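One structure is given below, encoded as structure tokens.
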Amino acid sequence: MLDKNLVELSDEELIAEFQLNNTINAFEILVQRYKNPLTNFVYRFLGDYEACSDVVQETMIKFYRNKDSYKSIAKFSTWIYTIAGNLARTEYQRRRRRQIFSINSYGEENENYEIPDESYRPDIMTDSVIKDKIIQKSLLKVSRVYREAVILRDIQELSYEEIAEIMGLTVGTVKSRINRGRAQLQKLLKNIYNE
Amino acid sequence: MPRLEDNNRNEKVTRLLKDLPKINAPSNFENELSLKINQSEQKKEKEYWFDKIFSPTIIPPAALAVTAVIILFLLRGNVSDAEDPFQIIPKLREEQNLMQDQFGTVLDKIIADETKRLGKSEKSNDQTSNESESKNDFYKGDSNITEASSFENTSLERISVTTSNYLPDQTIIMSGGLNYKIIRVGEEERKMIEMLREKINIATDYQRNN
């Protein structure tokens, strides 16, 4: 199949092509489509760009190696987000364990966030970057179970049904978690509202 | 739009989160990914061979073969090439001490007789041929024979026999080929032995009578 035709295919058609004919181009197109959304999701969840990049790459490797475990009854996006979510959770737990054993002297104040967004003017950028940092920091303070749901809903803009499938929960539980997460975030971001 | 379903009280939070800048993957994402995939493929190939060698289907026959080899080894180990120690003729001790009791037992008398006989044969050899030659031929350079021939005159004498100068079998090994060690016994010990012998004789006589 030609590359031009492949680009026009849906995610599900592309993975079917990859599964049946082992078409590497189909895989590459899917990587191209999902690398940024997954990076955004994992970064907001972990708060570390390097770790997030590794997790997304690991997600893609898992997708490549376990392509046959995908069943066409589910949406491809749900499947790939599930893989990324699981890996992100594992990484989060690992980092948390490591933090318990090595409480560093720098504290959270000196953490660096690489946000490669240069669309703002320099004078505004500083204010915007600080604001983003505060939001990100607050987001990381939200309980893990609520945070994932909030990110998927408010940042990744997925439907409740998709989130429920990704997290393996009912839609009702997802809605509840999103509300609780937002409430926690609201408390943490009081000062930003006043600005 | 699904966002309309959300609660209005969280509208500000939702807006803030939505306005967050989108984080993109690094520019070399694909290159790194292809590199990692190649590495994982190589690793997978290694794992494939490892799994093939140590696969569950191969392990049971391999274990069986190893067990068979071990059993064979153990059985072979039991079949020793070494001779049965009970079948080996015991070697003579390098050094033996012979004792001559003044009063003598049967054994002692035999030893004394043997020594006498050797002494006589030595004398006869002396008469017929060269003295030194005959001694060397018969006793193979034994210098202790003179000492042995003279012990009958003393109460307790000792003959030292070594592998280099050992006497013919009939002179050393008595009583059915057993290898005796004769020790020097003092007066008191000798009396004690005599007493024990008498007791044994009495006991033997008693048994015979009954």
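Values quoted throughout were computed directly from the atomic coordinates according to the rules given, and no laboratory measurement underlies them. Treat the numbers as computed from the prediction; the structure is a model and nothing was measured. In this analysis, Cβ positions are derived from the backbone assuming ideal geometry, glycine residues included, and neighbour counts consider all displayed protein chains.
Enumerate the calculated ³J(HN,Hα) couplings along the stretch A:160-165 in order (Karplus 6.51 cos²θ - 1.76 cosθ + 1.60, θ = phi - 60°), each rounded to whole Hz, writing x wherever the residue is Gly or Pro.
With the stated coefficients, the stretch A:160-165 comes to 4, 5, 5, 4, 4, 5 Hz.
Based on Cα coordinates alone, diagonalise the gyration tensor for the stretch A:41-88, multiply each eigenvalue by 5, take square roots, and list the semi-axes in whole Å, largest first.
Equivalent ellipsoid semi-axes, largest first: 21, 11, 6 Å.
Taking beta carbons within 10 Å but only from partner chains, what does the mean come to for residues B:25-36?
6
Using a Cα-Cα cut-off of under 23 Å, which lysines could be cross-linked to B:Lys116, ignoring same-chain neighbours fewer than 8 residues away?
Once the sequence-local lysines are set aside, what remains near B:Lys116 is B:Lys135, B:Lys140, B:Lys181.
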